[in-house]
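Take a look at the structure below.
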Amino acid sequence: GNTSSINVGIWSTALNAINSLENGTILRQLESKGKYVTEVGYRNPLGQWLATSRLSEKLYTSKHNVTRQPSLLFLQENDLKSTLLNSVQSYQSSIEILTENIDEQSIELIQEEYDVVLGCDGPESVVRKSAFNNSKFAALKPKPYVVFRGNSYLAQHLAFQTWGYDSYMRFAYVPTRSGSVWFATIAKDLIGDINSGSSSMIKSNLMDAFSSWHAPVVDLIDATPSSSILVEQAFGLDYEAASVILAENKNVTLIGDAGHCCDPVLAQGFTVAIEDAAQLAYHLRHVEPNDIVGALRTYEKSRKSRIQSLWTTTALVTHLAHLPWPLGNLRDVSLQLTPDAVKRRIFDFVMRKSISPPPKL
């Protein structure tokens, strides 16, 4: 698919899967292009800190015992994709990547031509629509807000996510190797039509909407070229539908956002996709040709508990981040009055819960 220079996060569950390839060479390549996030925190629009935590400064594998804290590596999306694609060059004779001119009718022909068809085509997956036909899982559910992402040359030490009080507003910032990456959400009716407005107008509207928020929120947006800000309508899949297994006798399965697109608040989209790939490889590693369909169904079942954990914690954090006034103010006061040690234990638990259980390797 398309790539961009926007930085994306990869959590330790996916990093461990990558570390199992080629004696860790691929992971070292990614680490040389990215930066581990260490200190993170949550804030309110006034800039007051609600809670802070600390992540591991490097990836701890099972050889070094179980890590006390997860790791989070940020790097440019195009660096991640190019490195992973280069690592499978030796398998190109048995793998074909189809990226253009794919529609629901052609999927049926593709199924007959290939042993396994993997839908890795994102939230608006044509493969999902074809495989599930007219079921409610085929269609995305639009969310009432728009997502913005951008790289900025401004940088400070501590990563943060700021929770607003209304209009689905939140803002997140992470320092990167070359500066920083930021992420924002805002209600559709507050930002205007993202399809008809110019990039400079959309940037101006975004800066106006966050003008009363703490520094450096507006400065980060202002330091990002209008043309490089990614703007997307937020979508999600119905959880109950997404937990359904492909019961039909099809050699098709889904990976990443194609199968379980949810809110990006926890920055786990790429992590889950890599985990999916690792888990699928585990189930296909020694399978006989006549058992492929069964292995695909086993793979899908094996991912249910992980996806359920992600969706549950995502719903919790999203709900906290979007509390309207005065509930949002009550949230802030309650967190500020809670001892730091207690808050850290709670947030660390939620963090670990959101990325468990890890895939089998």
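The values are calculated or read from the model by the stated rules, or taken from the named source; none is laboratory data. The structure displayed is predicted, hence computed values, not measured ones. Reconstructed Cβ throughout: ideal geometry from the backbone, glycine too, with neighbour counts over all protein chains shown. Surface areas here come from the heavy atoms of the whole protein model, side chains and all, with no ligands, DNA or RNA. Shrake-Rupley method; radii C 1.70, N 1.55, O 1.52, S 1.80 Å.
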>> Suppose we keep only residues that are aliphatic (A, V, I, L, M) and closer than 27 Å to residue 143 by Cα within the stretch 348-361. Which one would you say is surrounded by the fewest Cβ atoms within 10 Å (Cβ to Cβ)?
In response: 350
>> Could you tell me how many of the residues in the stretch 161-174 are outside any loop (DSSP other than H, G, I, E, B) and open to solvent by 10 Å² or more (accessible area, probe 1.4 Å)?
In response: 3
>> Regarding the stretch 240-248, can at least one residue be identified that is of a type in the set (D, E, K, R) and modelled with pLDDT of 90 or more?
In response: no
> Do you know which residues across the stretch 312-342 are in a helix (DSSP H, G or I), of a type in the set (A, V, I, L, M, F, W, C) and either open to solvent by less than 40 Å² (accessible area, probe 1.4 Å) or on the phi > 0 side of the Ramachandran plot (or both)?
Replying inline: 317, 321, 335
> Can you name the number of the only condition in (1) in contact (Cβ under 8 Å) with a residue 24 or more places away in the chain; (2) polar (S, T, N, Q); (3) closer than 23 Å to residue 77 by Cβ; (4) surrounded by fewer than 20 Cβ atoms within 10 Å (Cβ to Cβ) that residue 180 fails?
Replying inline: (4)
>> Can you tell me which condition residue 286 does not meet? The list is (1) open to solvent by less than 60 Å² (accessible area, probe 1.4 Å); (2) without any contact (Cβ under 8 Å) to a residue 40 or more places away in the chain; (3) not in a helix (DSSP H, G or I), and all the others hold.
In response: (1)
>> Could you check the stretch 15-51 and list, in sequence order, the residues that are more than 26 Å from residue 343 (Cβ to Cβ) and among the polar types (S, T, N, Q)?
In response: 16, 19, 20, 23, 25, 29, 32
>> Please verify whether residue 345 is open to solvent by 80 Å² or more (accessible area, probe 1.4 Å), over 30 Å from residue 283 (Cβ atoms), of a type in the set (D, E, K, R) and part of a helix (DSSP H, G or I), treating the condition exactly as stated.
In response: yes
> Which one of 258, 273 is assigned to a helix (DSSP H, G or I), under 17 Å from residue 20 (Cβ atoms), open to solvent by less than 30 Å² (accessible area, probe 1.4 Å) and of a type in the set (Gly, Ala, Ser)?
Replying inline: 273
> Restricting the search to the stretch 100-123, which residues are modelled with pLDDT under 65 and either touching an Asp or Glu at 6+ places or on another chain (Cβ under 9 Å) or part of a loop (DSSP other than H, G, I, E, B) (or both)?
Replying inline: 100, 101
> Any idea how many residues of the stretch 135-160 are under 21 Å from residue 125 (Cα atoms), in a loop (DSSP other than H, G, I, E, B) and open to solvent by 40 Å² or more (accessible area, probe 1.4 Å)?
Replying inline: 3
> Out of all the residues in the stretch 1-37, which are more than 20 Å from residue 276 (Cβ to Cβ) and among the β-branched types (Val, Ile, Thr)?
Replying inline: 6, 25, 37
>> Step by step: first the residues of the stretch 37-70, then only those that are touching a strand residue (DSSP E or B) at 6+ places or on another chain (Cβ under 8 Å) and more than 26 Å from residue 320 (Cα to Cα), then the one that is modelled with the highest pLDDT. Which residue is that?
In response: 57
>> For the stretch 187-229, give me the residue count where each residue is under 18 Å from residue 175 (Cα atoms), part of a helix (DSSP H, G or I), open to solvent by 20 Å² or more (accessible area, probe 1.4 Å) and not small (Gly, Ala, Ser).
In response: 3
